[in-house]
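Here's the structure we're looking at; comments come further down.
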Amino acid sequence: MSCATAPIVVRLDSARGRVPLLARFSYDDGDPYVVRATFYDGPTVLARWHFDRQMLTEGLHHPVGEGDVTFAPHRADGADEVRIALRGLGAAGQEGAVLFVETRALTRFLEQTYAVTAAGEEFLDLDRLLEEFLAR
């Protein structure tokens with residue numbers, strides 16, 4: 001199994017301004033459609049989210065997504081970013097959190113994921129997945 005990981009600083013939009021958090025983005029070819037993101041405050045895990053890799057890639061260039069997660073390009077203070085809106089953390093229908101990720105860092109990580117599994121080459125072994133599920 002091949003994988004890619006990257007620590008990336010994200011900025012959480014809050015009433016006090018943007019608060020930096022460390023996120024660990026990871027990808028493995030065992031689940032080729034998914035990018036996992038774990039968000040930390042020091043050693044404490046704040047949240048774990050699974051993102052669709054294709055949507056995340058498209059979010060670099062244009063708004064995409066609906067429901068719990070949306071991605072959109074954003075420019076602030078001369079820097080290119082991706083705005084990630086996460087719903088479902090607060091009251092129904094409200095944004096639970098808004099994060100900003102530097103476009104260059106996210107692009108580098110996504111390039112690593114496509115080196116592991118090229119676009120269009122994703123494969124999910126449903127028989128193996130079903131066997132693992134039934135074994136539990």
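The values are calculated or read from the model by the stated rules, or taken from the named source; none is laboratory data. Values in this document were obtained by computation on a predicted structure and should not be read as measured data. When we count neighbours, we look across all protein chains shown, and the Cβ atoms used for this are built from the backbone with ideal geometry, even at glycine.
Consider GLY90 carefully, then state whether it is at pLDDT below 95, touching a strand residue (DSSP E or B) at 6+ places or on another chain (Cβ under 9 Å) and of a type outside the set (A, V, I, L, M, F, W, C). Yes: the conditions hold for GLY90. Number of residues in segment 28-68 that are of a type outside the set (D, E, K, R) and assigned to a strand (DSSP E or B): the value is 14. Scanning segment 1-27 for residues that are in a loop (DSSP other than H, G, I, E, B) and hydroxyl-bearing (Ser, Thr, Tyr) yields one hit, SER2. Per the listing LEU46, LEU60, the residue uniquely touching a residue at least 24 places away in the same chain (Cβ under 8 Å) and over 27 Å from VAL116 (Cα atoms) is LEU46. Please indicate, with yes or no, whether at least one residue in segment 13-20 is among the charged types (D, E, K, R), within 15 Å of THR107 (Cα to Cα) and either loosely packed, with under 13 Cβ neighbours inside 10 Å or in contact (Cβ under 8 Å) with a residue 60 or more places away in the chain (or both). Within segment 13-20, none of the residues are among the charged types (D, E, K, R), within 15 Å of THR107 (Cα to Cα) and either loosely packed, with under 13 Cβ neighbours inside 10 Å or in contact (Cβ under 8 Å) with a residue 60 or more places away in the chain (or both).
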